[in-house]
Every structure is written in structure tokens, then in C-alpha cells.
Protein chains: 2
Amino acid sequence: MSTNDLNLNEKAKNVVEILKELHSGKSIEELKDKYGYVLSTISPFEIPLIEQQLVKEGVKIEEILKLCDLHVELFKDILLSREIKDVPNGHPLDLLLKENDLILKQSEVLAVYASALLKSQEESDAKNIVAKVKDVVLKLLSIKVHYRKIQMLVFPYLERRGITAPTRVLWGREDQARIKLRHLLEFIERLEKRFDPNLITEIGNRALDLAREISELVFRENRILYPTVQTLLSDGEWAAISSTAEKIGYIVETKGEKWSTDAKPILPYEADASLTREKVDLLPLEFRMMIASQGINPDSYVIKGSGDIDLDTGFLNIEEIKALFKALPLEITFANSDDRVKFFSESFLHKGFVRTKTIIGRRFEYCHPPRLESIVKKTVDEVKRESGYREFWTRIGDRVIRVLVVPVKNREGKYLGSVEIVEDLTEVVNNPEEVKKRIIVV
Amino acid sequence: MSTNDLNLNEKAKNVVEILKELHSGKSIEELKDKYGYVLSTISPFEIPLIEQQLVKEGVKIEEILKLCDLHVELFKDILLSREIKDVPNGHPLDLLLKENDLILKQSEVLAVYASALLKSQEESDAKNIVAKVKDVVLKLLSIKVHYRKIQMLVFPYLERRGITAPTRVLWGREDQARIKLRHLLEFIERLEKRFDPNLITEIGNRALDLAREISELVFRENRILYPTVQTLLSDGEWAAISSTAEKIGYIVETKGEKWSTDAKPILPYEADASLTREKVDLLPLEFRMMIASQGINPDSYVIKGSGDIDLDTGFLNIEEIKALFKALPLEITFANSDDRVKFFSESFLHKGFVRTKTIIGRRFEYCHPPRLESIVKKTVDEVKRESGYREFWTRIGDRVIRVLVVPVKNREGKYLGSVEIVEDLTEVVNNPEEVKKRIIVV
């Protein structure tokens, strides 16, 4: 038995005491007051080990699960004693921290069940515990909503400042965690099909490993990433993150947690990319070291060129708009609200029906043979009135062609016209099995 | 026997004389001189009837087929004595007339074989003749290239002038002819699978009917449509038709038949829609009657609005461009030649991968996890160097997603960037049989 194990054993005994108090109805806040010293000797990273110890000693899982809340609380205290503080309620950072509380707790629950699973003797016990493991894994899958906000909303502001190595590393770990979650789920599903004691060990070990990894990610974010972005990002940048984050959503309740600022939202491409020495000195050690070794090279690109048109989700000049329509795998014919052809595109990938510039201005229904005139008119009238689109399938020679008629509406929902979208989907319709073979889940 | 039949019998005898001369090597021009009077008594519309007569009398088909050239020649003479004349070599009208010569000849060959088929007694004879019928039918399928030029290039100029009834009627007939061609081919293919004397009669009658219909269309075009557009359309309008027609192509040789004009090409939406009384008086009777009964109501729409951008194949304002991207069944992310995200679109039909405005300006490869960074970079580098695109298949949850990476190039072939195109094709991949059931060939 190593010294560490001895310590853990002692600490585990103390934790059992705390558990008893929790069981008697005491709150974690009360316990923090009473067991202040005892708790201060326990690092948040020892909790999972203590939990495993308790599982070994036969403490009931339901009891141990209560420790998860304690773990999260201890973790927060550590953070409060460090860089991250004064985060307003509902601020993106506040919500990201709250998400991490939830993730940390779930990962710990996973660890507890994993330990119990590895210790289980009976098949029925194991099966019951695996069901619990599965529940937690399914919950943890939503972790991607948390990671996505970090990857898509937060990282671009760091990249703008020339900070890319830590963001790429962190994304890599988040990515690994998600892949491992998926693999774990696959093992569980295999076990559900056919019981196998070897799979039990595999699942237990994988779940333990995953729980550790996810906790570490929470730690890295809370201790390194968040203090960094809190130091660097302006209120305008947070305003942009805050409004954009709503599109992705949160895995915690956000009602009544509104944060607002008078600052104008600033997207990464609009952001001031400079990093002052004073700012750098305020950063966590890991970032200061990275910057010391690599220097600061802000990514001061300019994305909007002269002649660029602001299209809300980016900028395109006229040449790019023309070229983009040609690069699509489909061809469109747009008729305005008077049913007049106003524009058509031609794809260099797939040919649909021939259209020529002589049809610009033509009544849309006159672009079709008289036999189809009434159905074309009826279809356009329908999409004009209703919100849905219409789908048809036809052939051009031996090609299988999908024709969509879709209403074109502006942001306020006003009808601007209809678009006929013609796409050659022959290979997909004729060789779906080939397509399925090519599917790679990344 | 009706008087008409008597006449036909007499005329048929004369034609047999002419055939003998043709057989001896005389040219049609020579025969026209020699048999001037005899030929003048034969209307082009009697030729098919005479041909049927000759088939009945046992004249060899190879001989009768030579009459087809005579038919076309007689037809031309009739035309020359009427409205259409002075058409420059290579002018769109000249090429359309030449296409009609070919179509007329093919339809007549069809009629001859059809008559022979209906008269055939032996199964082996019938089969041989059906093979000939099939050859002609396959050739006649390219008739759509002729019709398409009329429907897409010529008609819009008439519609602009408020003339729509004759164009819709003519398109309807052209459409019917093409459908009948397709049906005839289906009957032939059924016969090829299993011989059936009833099918022989069916094919023979259908082929005869079709040959008559196609000849009539040639007649209507040459005698009514072409004189009308020759009278009405300006050189600028013909210039636009001429250059646009190249895109559709011709079914006759056009080399060395270049027609050019100094007039600036005029598309229908740019055309002067007014019809003067003097012009109307020059039109064929059918059009004068139509105009007399319905009046002249030029379709004087204006297609280009203020704020519209000229995109070569039509006009769109910024609101329409934004709305169109949303109406597509796919989502795109465009990175410029520096591999920076410049624009992304969001479809209201299908959701792909989440993108947010915070990625505008971001390095394209940084929008993906580090695990995929090298493949993303490699793919973009490949489409940058080569002209092709790359196709990948993946899943988002249970959705089957196609990802294309396509180079975006301007008209001169200069690389402007790459576009990632994400399309949800779940229903097509999972239910191809459903899709096939929905295919309607129109």
C-alpha cells in the first residue's frame, strides 16, 4: 500500500462521516463550514479515487452519488480562490461554468457506476448497473452543445489574437471525449445484445477513463480557458457570443439569467487583435508560457473586400455570387412574385433542364409545355400561399432528377417569389448501398 | 373509290415514272425541270399518300425512300413561292429551315416503313421492318433539340409582343409528338421482348400517325411561324437567338454557315414590344386573324428593378440573394482563396452542421476538429489545384449527409475559393424505392 493509498483511506473515512451527515439532511454549505479543515485536505481530483475506495468498501452507490455535489462545490471553491471571479449572472461565461458543473457531476456519476460495475459479481447486478451507465452516457452526449459553443464562439476570438495552439489542443481533447462516449455506447449496445463478462470489464474501464477525461476537460476550461477569455475579451465580444450562443443553446436552464451590455456586438473579424503586455501578464500560467515561447502574432486579416455585399452571414462580391451558383450541385430558376423569371443558375457539376437568357422576364408557367402549365401554376400558387415546398421526381434521359418548388421569403416572411430547384440525384437513387458504404461518421 | 383516290392513282403512276428516272441516276433538280407540270399537280401532302399507294402496289421500299428527297424539294418550292425568302446562310431561321428539311425527310421515311410494316405478312419481314422503324424513331428523338430552340428562344419574343395563343398551341403539338415518339419506342421495345402480330399493327398505325403529325408541324413552322418571326424580329433579336442557340445546338451541320450582324443582341425583356399595323399586315393569315380577334396587348413588363444586380443569367437584388440561399435544400460555407470563411448559408429546409457568424474570417480548416484538419486542408488544396470536386458522406445523428467540396472559379477559370456544400439526403438514401415510385416522366 502506497502512502497515497494510506492518505486516501484516511480521507475516505472522513468522507464517510460527511456522507452520514449528508444522509441526515445537512446541506453541503453547512458541511463546508463544519468540515472545513477536512475538506481542505481533499483535492477535487482525489474525490473520484475516494469514491472508488468507498465502492470497494461496499458503501451504497446511492450514498456515494451524493458526493458528486460535494465534488462540484469543492471545485468551485478552488476556482473562486483563483482567477475566475465576478462573472455576472447570465453572462456566457457564467452559463458555460454552470454547464461545466453539470458535466462534472455527470462524469462523476459515471465514475461511481463504473467502479460499481467493475466490482459487480452477479450478471443481474452488472446488467442493472450498465443500464445506469447508459443513462449517464446518453445524458453526456449533449456535452457537444457545450463544446460547440467553445469551438465555434469562443475559439475564433483567441485565434484572432494569434492564439491557436491551446485552442486546437483543447478541441482535440473534446473531440476525443465525444468519440469515446460514442464507442462506450457501442460497447453497451453490444452487451445488451449478448451478455459477456469481458464486455463488463471493458465497459467499466472505458467509463472510468472517460469520466476522468471529461473531468479534466472541465478543469482545463475552468482553470485555464475561462480566466483567459475573461481577461482578453471585451464586452462587445461577449455580446456577440451571448446572442450567437442562443442559436446553439445551452444544456442548463438559462431562463431569468439574462445578461446584457450596451456595447455593440463585435465579431472576431471586427475585433481588435492586439495583445498588450499588461493583458498577457494577467493570463493563466499556461498561456503566458505559450506566448513567451511563441510570441504574439495577431491574425489581423481583413475579410470584407471592396465591392463586397453584406449578406448577414458573410460577404460576397458579385463575381463570387455568380461563381458560387455555378459551383452548386443543382440548378435554380427564380420567378418573382409576379411569376416572372428573374434569374436562373447553371451548375458546372450537373446539368438539369436547359434554360437560356431568352427566358428572363418570361412568365414562369410559359417555360413549361402547355400540358404542365396548370400544375406549374397550381404548385407556385400553393407555395405562395402556404409555407411548405413541393417535391417532384422525374427523369432527363436516364438521369433521375429531383425538382423542388420552394417559396422565397425575406426575413420578415414576405413572399419574394418561388424557386424551382433541379438536382440530379441519379447515383444516390440507383446506388444507395454504395452511398451507405461510403458513410464515415467523423 | 373516291375521286381523290383516282387522282392519287394517276399521280402515283407519274411518280413511278419519276422514280425510274431517279433510279437511272438523274438528280432531283433535273427531274423538277423535266416533270415540272406533273410535279406541280402533286401537293407535298399527297406524297405520303402516294407512297402508301406504292407500298401497296409492291414497289420496293428502297425505291420509295428516294421520294423523301423529292418531297422535301417540292415543299421548299412551295415555301419559296410564299412568305419566307431571303434568309441569309447560317441565320437562325436558315438553320431551323434546314433542320425541318431533315425532320420532314425522317418523318417520311418513317411513314414508308410504317406502310410496309402494315403490309408485311411474314414475322421475319415484320421484325426487319420494325428494326428500321426503330432506327428512324431513335433519330427523330433528337427533334427535341429543334423544338427546344423554338420554345425557349423564339417564342419568348412573340410572347413579349402579346402573342401567346399560337405559341402555346404549337408547343402543345410539339410536346404531343415527342410523347408519341416515346410511346412508339415503348411498343417497339415490347415487341422486341415478345413477338405479337397485334403489336405490329399498333406500331404501324402509330408510326403512320406520328409521321403525319411531325410533317404537319414542319408545315406549320415553315408556313406560319417562320414567316411571322421573319417579319417581326429585329436583327438584334436574331443576334441574341443566334448566340443562345449555340448552347442548345442544332441537329444539322452548321459549320461554314456563320451569320453575323452588327446589331447589338436584344433579349426579349429588352425588346420593343410594340406591333405596328404595317407589320401586322405582313403576317401570315393565321396571325392576322388571331390579332384581329384578340387585339394586340404587348407584354411590356420591366424585369430589372432598382437595386438589382446583373448576374449574367438574370437579376437579383440583395434581399433576393439572401432569401434564395435560405430556400436551397443545402447549406454552403464559402472560403476564399486564402482559405478564410467569407460566407455561409443556412437553409430553412434542412439543417446541416451548425455555423455561426463568429466563424466569418476564420481559417477554414479551423472550423473542423484537429483530427480532420489535415484531410480538410488536403481536400481544399486538391480542388484548388485540380478542376474536380470531392464528395464525402457522413451522418448527423440519424441523418445521412452528403458533403461536397467544390472549387469556385470565375468565368476566366480563376480560382476564387472553395465551397463546402452540405445536403441532407436521408430520405433518398434510405428509401430509394419510394423515390422511384414517385418518378413521373413528363
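Throughout, read-outs are computed from the coordinates displayed, never taken from laboratory work. From a predicted model like this one, the values you see are computed outputs, not experimental measurements. Glycine gets a Cβ as well: all are built from the backbone with ideal geometry, and neighbour counts include every protein chain shown.
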With a cut-off of at most 10 other beta carbons within 10 Å, and DSSP calling the residue loop, which GluC sites (Glu not before Pro) in segment B:332-415 qualify? Please list them.
B:Glu386, B:Glu412
Around A:Leu282, which amide H atoms from residues at least 5 apart in sequence, or from another chain, sit under 5 Å from its own amide H, with H modelled in the peptide plane?
none
How big is the protein assembly as shown by the Kirkwood estimate over distinct Cα pairs, in Å?
33.5
Paired Rg and Dmax values of segment A:376-437, which use every Cα atom, in angstrom:
14.8, 43
In nanometres, the difference between 0.36 nm per residue of separation and the alpha-carbon distance of A:Asp338 and A:Lys255 is 25.4 nm
In segment A:111-170, which trypsin sites (Lys or Arg not before Pro) fall in coil by DSSP and have 14 or fewer other Cβ atoms within 10 Å?
none
Under 8 Å for C-alpha pairs, at least 6 residues apart: give me the relative contact order for segment A:315-434, rounded to a whole percent.
25
Defining a contact as two alpha carbons under 8 Å apart and six or more residues distant in sequence, what relative contact order in percent does segment A:82-285 show?
37
Under the Karplus relation with 6.51, -1.76 and 1.60 and θ = phi - 60°, whole-Hz ³J(HN,Hα) for segment B:336-349, x at Gly and Pro, equal 6, 5, 8, 6, 9, 5, 10, 7, 9, 10, 10, 8, 8, 8
Restricting attention to the alpha-carbon atoms of segment A:248-337, what are Rg (one decimal) and Dmax (integer), both in Å?
21.0, 60
For the pairs A:Lys384/B:Lys322; A:Lys85/A:Lys264; A:Lys351/B:Lys132; A:Lys409/B:Lys247; B:Lys32/B:Lys127; A:Lys326/B:Lys304, note any where the Cα-Cα span goes beyond 27 Å.
A:Lys351/B:Lys132; A:Lys409/B:Lys247; B:Lys32/B:Lys127
For A:Val408, distant residues with modelled amide H under 5 Å away:
A:Leu416, A:Gly417, A:Ser418, A:Val419
For chain A, go through all pairs of different Cα atoms, get the mean of 1/r, take its inverse, and jot down that Kirkwood value in Å.
26.7
How well do other chains shield peptide B:346-358, expressed as the mean number of their Cβ atoms within 10 Å of each residue Cβ?
6
Report P(r) for segment B:82-285: all Cα-Cα distances, bin width 5 Å, range 0 to the bin holding the largest distance, values in whole percent.
1, 7, 15, 17, 16, 12, 10, 7, 6, 4, 2, 1, 0
With Cα atoms, 0 to 90° folded angle of helix A:165-193 axis to chain A main axis
80
Step through the residues of segment A:262-274 one at a time and calculate ³J(HN,Hα) from phi using the Karplus curve (6.51 cos²θ - 1.76 cosθ + 1.60, θ = phi - 60°), rounding each to whole Hz and writing x for Gly and Pro.
7, 5, 6, x, 10, 7, x, 5, 9, 6, 6, 8, 6
Between helix A:92-119 and chain A: long-axis angle, C-alpha atoms, 0 to 90°, nearest 10:
60
In whole Hz, with x marking every Gly and Pro, tabulate ³J(HN,Hα) for segment A:410-415 from phi via Karplus 6.51 cos²θ - 1.76 cosθ + 1.60, θ = phi - 60°.
7, 4, 7, x, 6, 6
Peptide-level mean, for A:305-318, of C-beta atoms on other protein chains within 10 Å
5
Net charge within 14 Å of B:Ala263 by Cβ-Cβ distance, Lys/Arg positive one each and Asp/Glu negative one each, not counting B:Ala263 itself?
-4
Residues whose modelled amide H sits under 5 Å from the amide H of A:Phe343, counting only those 5 or more places away in sequence or on another chain, are A:Phe334, B:Phe315
Would you compute, from DSSP H runs of 4+ residues alone, the mean residue ellipticity of chain B at 222 nm, taking -39500 (n - 2.57) per run and dividing by the full residue count, rounded to the nearest 500?
-17500 deg cm²/dmol
Which whole number gives the average, over all residues in A:297-304, of C-beta atoms from other chains lying within 10 Å of the residue C-beta?
3
For chain A, take the longest principal axis of its alpha carbons; what is the angle in degrees between that and the long axis of helix A:67-80, to the nearest 10 within 0 to 90?
80
Roughly speaking, what % of Cα-Cα pairs in segment B:315-434 are separated by over 22 Å, rounded to a whole number?
37
Counting only DSSP loop positions in segment A:378-413, the trypsin sites (Lys or Arg not before Pro) whose Cβ has at most 10 other Cβ atoms within 10 Å are A:Arg411
Cα convex hull of segment B:167-312: how many Å³ per residue?
194
